[in-house]
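One structure below.
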């Protein structure tokens, strides 16, 4: 996202977390060779950050004493050869920025538009004039270790969290969600709502479908309701609103592509109340429509705490709590139910079409949303007139077993958790130990357990306790949903800047279920602003499997906890196992899963390349004297060590994968081949033996 320097923009921070395995992480810009890739080693169970800063003359930022100041002069970073270190610069990753970088009275890096006049882009007379930029970031774990990443605009005036959703953010059809309750503050003249699009492959054609009556963006065609643009890998495109008005949102625009893309939305410096001039950045990375679901729970971020009904910001005033969801159908006609009751148009159920939306206030601890067609749900919540937002995960096939986040401000901090009763039922009455654990890493590599600080009994002030989400229609007690909210004031809980991990305990007796998952979000406030982020995974179904296995061993294949039907390339029509999260197989080849009657994504296939070392010398046989005996196997398509023995004596001559000799009368030969091989780090050894019996000389 791009934010206005007039308000606050620096720094932008990528926070990268490694889970069970140390991750080698590479951050690059595929379309920009001048951006030198950033390489990180993130130890297992820790989080590291990468910062991008604003540079130039007369900017806002942190001074050397760590104070937020205006009129700051910071020289752009350069390498020894004089070239700019773009990988340190916020300008290099802010898509379609209006803020140039100046130094010594000269422009070092210009804004991204053809021109700017009166704080607006100029020279953009149609979509062909919208700049195609090279600012897409590729963040990858090069050694295959699982990571999570979120991007943070991390200043005290205009913060927000953008949670990266990995491959679940990639798709070919997107509906843009938005809100129409809050305007961009007029005092921030360049603050607008934006849609940033990045291509993952060369030659990607985008088609932007819009309503010419309601949508107003820079470069909008003078006629028609769609246009197309082609991007290469890592190139970016932007839709920027032409207006700061509430009704001028970009929600309902439909983006199609012939190759995978990712989209981020942002709404800079929106204002909740004109009586109190507080304005804030909101936004999130989107999900494609094929991951949209039909059941959601929207959680009240401060329910059950002292701030359930209002945030005390001023001595004479309590700021109202505003928590709303904007529900956007991706198909039509769509019926929307809130807590079991359909949204009505008069006395009839209202039928929503794609591009329309419904706004609902979040009541009690949460609301239950059901639809007959998939929808995108976009939550906007407030803290003392400041705003934050997040795209909510559907309940189908989503959630996490472990979540890591960092507290940015040592002020008001709220954590929200949503999970099923069966995962927490032994702690509802405080009669058993918590199924959850929480801890953070110290700089020295130590671990500090904060489970007892995070999970406390309900007191109406700092803890809501576990609360049932009502009106879901779910009658099975184990399957009912519960919320938990914890509030930490300044100096309470855990320090800022450290990676806090919340997870199910490995030995949680009542949490060992195939859908042992939870959702977690945080509201991080500093008195002058706030950010809101959802940290739960949008779990497409994934299979974990070895690329190779030792001959004779079963191969364990697992999904990420989802019950699925399993297929092998030998029969792509009929599953060999149904409704299982784990199977054991013995054959090499390609495997995949499907989830019947579900909005969950099916898995990418996994291929077990080799069962190593796999060979057979054949059956025992009889031979005549002077017969030429030739034994052997095809050379294996990977490095291996071959050892032949005849009657216990090692053979030192000949090809390693073959052995030949002339049979002697009245003899018996016990011949063994032992092969040791290593593939993908898996070391295996296999032997096969054959017995050859030779009779007497014929007369």
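The values are calculated or read from the model by the stated rules, or taken from the named source; none is laboratory data. Computed from a prediction, not measured in an experiment: that's the story for all the values here. Glycine gets a Cβ as well: all are built from the backbone with ideal geometry, and neighbour counts include every protein chain shown.
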Next item on the list: Tell me, yes or no, whether region 353-369 has at least one residue that is buried (at least 18 other Cβ atoms within 10 Å of the Cβ), over 20 Å from residue 531 (Cβ atoms) and at pLDDT below 90.
Entry: yes
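Residues checked against (1) touching a strand residue (DSSP E or B) at 6+ places or on another chain (Cβ under 8 Å); (2) in a loop (DSSP other than H, G, I, E, B); (3) at pLDDT 95 or above; (4) more than 22 Å from residue 377 (Cα to Cα):
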| position | (1), (2), (3), (4) |
| --- | --- |
| 196 | yes, no, yes, no |
| 201 | yes, yes, yes, yes |
| 206 | yes, no, yes, yes |
| 214 | no, yes, no, no |
| 248 | yes, yes, no, no |
| 256 | yes, no, yes, no |
| 266 | yes, no, no, no |
Note to self: Tell me whether region 217-229 contains one or more residues that are at pLDDT 90 or above, in contact with a strand residue (DSSP E or B) (Cβ under 6 Å, 6 or more places away or on another chain) and closer than 25 Å to residue 531 by Cβ.
What the structure shows: no
Notebook entry, point to check: Hey, among the residues in region 637-646 that are farther than 14 Å from residue 617 by Cα and surrounded by 11 or more Cβ atoms within 10 Å (Cβ to Cβ), which one's nearest to the chain's Cα centre (by Cα)?
Noted result: 638
Next item on the list: Considering only region 86-103, state which residues are closer than 16 Å to residue 134 by Cβ and part of a loop (DSSP other than H, G, I, E, B).
Entry: 93, 94, 95, 96, 97
Margin query: Can you find, within region 93-118, the residue that is modelled with the lowest pLDDT among those that are surrounded by 13 or more Cβ atoms within 10 Å (Cβ to Cβ) and farther than 15 Å from residue 4 by Cα?
Written below: 114
Next item on the list: Read through the list (1) out of contact with any helix residue (DSSP H, G or I) (no Cβ under 9 Å at 6 or more places or on another chain); (2) surrounded by fewer than 24 Cβ atoms within 10 Å (Cβ to Cβ), then give the number of the only condition that residue 192 fails.
Entry: (2)
Margin query: Name the single residue that is nearest to residue 418 (Cα to Cα) among those in region 499-532 being assigned to a strand (DSSP E or B) and modelled with pLDDT under 80.
Written below: 531
Notebook entry, point to check: Can you pull out the residues in region 549-584 that are at pLDDT 85 or above and farther than 24 Å from residue 398 by Cβ?
Noted result: 568, 569, 570, 571, 572, 573, 574, 576, 584
Next item on the list: Could you give me the residue pairs with C-beta distances under 8 Å whose first residue belongs to region 638-657 and is without any contact (Cβ under 8 Å) to a residue 12 or more places away in the chain, whose second residue is surrounded by 11 or more Cβ atoms within 10 Å (Cβ to Cβ) wherever it lies, and which are 6+ apart or on separate chains?
Entry: 650/643; 650/644; 651/644; 651/645; 651/659; 654/644; 654/660
Next item on the list: May I ask you to verify whether residue 262 is in contact with a helix residue (DSSP H, G or I) (Cβ under 6 Å, 6 or more places away or on another chain) and either assigned to a strand (DSSP E or B) or modelled with pLDDT of 95 or more (or both)?
Entry: yes
Notebook entry, point to check: For region 322-330, does any single residue satisfy the condition of being more than 23 Å from the chain's Cα centre (by Cα) and over 23 Å from residue 466 (Cα atoms)?
Noted result: no
Checklist line | Exclusive hit being in contact with a strand residue (DSSP E or B) (Cβ under 8 Å, 6 or more places away or on another chain), at pLDDT below 90 and within 30 Å of residue 212 (Cβ to Cβ), set 331, 399 | finding: 331
Notebook entry, point to check: Just wondering, is there one or more residues in region 479-490 that are in contact (Cβ under 8 Å) with a residue 12 or more places away in the chain and part of a helix (DSSP H, G or I)?
Noted result: yes
Check: For region 216-227, how many residues are buried (at least 18 other Cβ atoms within 10 Å of the Cβ) and assigned to a strand (DSSP E or B)?
Finding: 1
Next item on the list: Looking at (1) closer than 29 Å to residue 148 by Cα; (2) modelled with pLDDT of 95 or more, find the lone condition where residue 42 falls short.
Entry: (2)
Margin query: Take residues that are surrounded by fewer than 16 Cβ atoms within 10 Å (Cβ to Cβ) and either modelled with pLDDT of 80 or more or under 18 Å from the mean Cα position of the chain (by Cα) (or both) and tell me which of the strands (runs of 3 or more DSSP E) falling wholly in region 144-189 contain 1 or more.
Written below: 171-175
